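Structure first, then comments.
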Amino acid sequence: MPRLTSTLRPFAWALAAPLSLLLWSCGAGEVEAGEHVRPRVVCTTAMVGDLVREIAGEEADVTVLFGADVDPHLFRPTRDDVAAITAASVVFHSGYGLEAYLEPTLAKIADGGTTVVALAPNIADETELSSETEGVVDPHLWMDVKLWARCCDVIASTLPVNGARERADALRSELLALDAEVEAVVATIPQRSRVLITAHDAFAYFGRRYGVEVHAVQGVSTASEAGLRAIEELVDLIVAREAPAVFFESTVSERNVRALVEGAGSRGHTVAIGGVLHSDAPGEARTYAAMIRHNARTIADALGGDAASVTEPEGPAQ
Ligand SMILES: [Zn+2]
């Protein structure tokens with residue numbers, strides 16, 4: 001699927017900001033709040049919405065469409081969702097096919113003049129993208145916190161509200177501190193145990209940034225079913241590498257990961273369930289920063305590391 005025509009590239013930011021101001025001055029997509037007129041902003045996932053909320057502060061009316069347990073690959077918009085998107089002046093989404101069923105709606109409102117920004121295509125060049133299958137870009141860029149921190153600039157450039165630049169700079173610093181924390185937590189895992197096995201292929205950027213080999217039963221989207229062969233190959237790998245743990249994901253069925261545990265068990269290798277990771281939605285962690293911290297610490301502890309030896313810096317997940 002081609003990138004949305006409205007997707008902003010860095011060179012288009014200068015154009016985007018005045019356009020947004022123009023739209024808001026017309027009265028479309030605004031919320032009256034006392035003397036303040038605030039733009040209506042809609043975001044898809046929490047990974048996008050948490051950053052936008054922080055940078056918008058009190059200066060915009062920000063709605064996050066997807067709930068904390070929603071699988072974005074499978075999300076189908078209701079009539080209310082379409083109404084919320086249509087009423088917005090700016091829509092931020094993740095991109096690269098993550099919100100596959102929402103893309104026709106986004107393309108339509110972009111054609112109608114709404115500013116629609118896909119964050120992922122604006123923060124990485126082609127050499128930084130992961131593509132397991134040729135032609136399919138892995139959309140899970142938020143798993144590399146240092147990479148995802150670049151969203152702060154894109155959001156601040158698109159939302160020309162009071163204080164956006166200052167809040168974006170502060171948030172970027174917090175995210176870079178989180179990135180360093182994750183790096184330190186993963187570094188506690190013994191080298192030979194740094195093998196992360198999950199339900200779907202959401203951790204490639206995590207693995208690349210923090211130095212973990214990653215494998216998954218399903219591909220980069222949960223929309224396709226896992227084959228028996230994929231499970232057999234992973235069982236082979238678990239047994240050969242004596243992997244200590246495999247992991248559930250909060251937005252994906254546990255069935256395939258349980259099949260791995262049973263398969264390894266029948267071959268004489270006991271592999272533990274390392275815990276539940278939040279790959280594509282924050283779940284009980286509730287925020288982007290907390291989900292990343294939860295994932296890193298859960299993975300480290302289950303693979304023989306010592307997460308508690310790394311202190312948590314002050315930050316957005318506190
Ligand atoms: Zn995913």
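The values are calculated or read from the model by the stated rules, or taken from the named source; none is laboratory data. All values reported here derive from a predicted model rather than from experimental measurement. Positions of Cβ are backbone-derived with ideal geometry, glycine not excepted, and every protein chain shown enters the neighbour counts. For the accessible areas, the whole protein counts, side chains as well, though only heavy atoms, and no ligand, DNA or RNA atoms are used. Shrake-Rupley method; radii C 1.70, N 1.55, O 1.52, S 1.80 Å.
Numbers for the structure displayed
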quantity: Where Ser266 falls short, out of the listed (1) surrounded by fewer than 21 Cβ atoms within 10 Å (Cβ to Cβ); (2) touching a residue at least 12 places away in the same chain (Cβ under 8 Å); calculated: (2)
quantity: Members of the stretch 218-241 that are buried (at least 22 other Cβ atoms within 10 Å of the Cβ) and in contact with a Ser or Thr (Cβ under 8 Å, 6 or more places away or on another chain); calculated: Gln218, Val220, Thr222
quantity: Residue ID - farthest from Val235 (Cα to Cα), chosen from residues in the stretch 182-207 that are away from the ligand (no atom under 12 Å from the Cβ) and among the small types (Gly, Ala, Ser); calculated: Ala184
quantity: Residues satisfying the stated conditions in the stretch 181-209, i.e. open to solvent by less than 50 Å² (accessible area, probe 1.4 Å) and either part of a helix (DSSP H, G or I) or among the small types (Gly, Ala, Ser) (or both); calculated: Glu181, Val182, Ala184, Val185, Val186, Ser193, Ala199, Ala202, Ala204, Tyr205, Phe206, Gly207
quantity: Qualifying residue in the stretch 95-105 (condition: acidic (Asp, Glu), touching a strand residue (DSSP E or B) at 6+ places or on another chain (Cβ under 7 Å) and within 29 Å of Ala285 (Cβ to Cβ)); calculated: yes
quantity: The one condition in (1) part of a helix (DSSP H, G or I); (2) surrounded by fewer than 18 Cβ atoms within 10 Å (Cβ to Cβ) that Asp153 fails to fulfil; calculated: (2)
quantity: Sole residue being away from the ligand (no atom under 16 Å from the Cβ), within 25 Å of Ser173 (Cβ to Cβ) and within 19 Å of the chain's Cα centre (by Cα), chosen from Ala296, Ala308, Ala300; calculated: Ala296
quantity: Residue match in the stretch 246-255 (condition: out of contact with any Lys or Arg (no Cβ under 7 Å at 6 or more places or on another chain), away from the ligand (no atom under 16 Å from the Cβ) and open to solvent by less than 30 Å² (accessible area, probe 1.4 Å)); calculated: yes
quantity: The stretch 271-284, residues that are closer than 29 Å to Leu65 by Cα and away from the ligand (no atom under 16 Å from the Cβ); calculated: Gly275, Glu284
quantity: Every pair of residues 6+ apart whose Cβ atoms lie under 8 Å, when the first sits in the stretch 213-231 and is more than 14 Å from the ligand (Cβ to nearest atom) while the second is open to solvent by 30 Å² or more (accessible area, probe 1.4 Å) and part of a loop (DSSP other than H, G, I, E, B); calculated: Glu213/Arg194
